[in-house]
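Student: Quick one: structure below, then a few questions.
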Amino acid sequence: MIVCLTAVGVLPAKAQGLGAKLSAAAIERTQHRVTYDPAYTALAYPGGDVAADRGVCADVVIRVLRAANIDLQKLVHEDMQTAFSAY
């Protein structure tokens, strides 16, 4: 479906580029050995991360997004400051 929408120009070029970045970053993450470790870890803010060889599925998503210059930690933090009751 996305291929079709891209081919006919429905998706903007910026979105197409983002999709390619996310896809490439996700594929690249498969080259890393990560041990599942659900233990709580206090993180620095901004930019904190658990050790590169540890984490859970959410950490993989965070790392993929960061490779595409999207800091989900920052976005969630800022959103929580403005709409904490929604959480």
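The values are calculated or read from the model by the stated rules, or taken from the named source; none is laboratory data. Just so you know, these numbers come straight off a predicted model, no measurement behind them. Please note: Cβ atoms are built from the backbone with ideal geometry, for glycine as well, and neighbour counts cover all protein chains shown.
Student: Would it be correct to say that Gln16 is in contact with a helix residue (DSSP H, G or I) (Cβ under 6 Å, 6 or more places away or on another chain), at pLDDT below 95 and surrounded by 11 or more Cβ atoms within 10 Å (Cβ to Cβ)? Before you say what the answer is, go through the steps one by one.
Tutor: Details: in contact with a helix residue (DSSP H, G or I) (Cβ under 6 Å, 6 or more places away or on another chain): yes; at pLDDT below 95: yes; surrounded by 11 or more Cβ atoms within 10 Å (Cβ to Cβ): yes.
Yes, satisfied.
Student: Of everything in the stretch 57-84, what is among the acidic types (Asp, Glu) and either at pLDDT below 90 or not in a loop (DSSP other than H, G, I, E, B) (or both)? Give them in sequence order. Spell out the reasoning first.
Tutor: Filtering the stretch 57-84 for residues among the acidic types (Asp, Glu) gives 59, 71, 78-79.
Across the stretch 57-84, the qualifying residues are Asp59, Glu78, Asp79.
Student: If you check every pair at least six apart or on different chains, which have Cβ atoms under 9 Å apart with a residue in the stretch 15-29 that is over 14 Å from Ile70 (Cα atoms) first and a residue that is of a type in the set (Ser, Thr, Tyr) and at pLDDT 95 or above second?
Tutor: none
Student: Which of the residues spanning the stretch 40-56 are at positive phi and in a loop (DSSP other than H, G, I, E, B)?
Tutor: If the condition is that a residue be at positive phi and in a loop (DSSP other than H, G, I, E, B), then Gly47 is the only one that fits.
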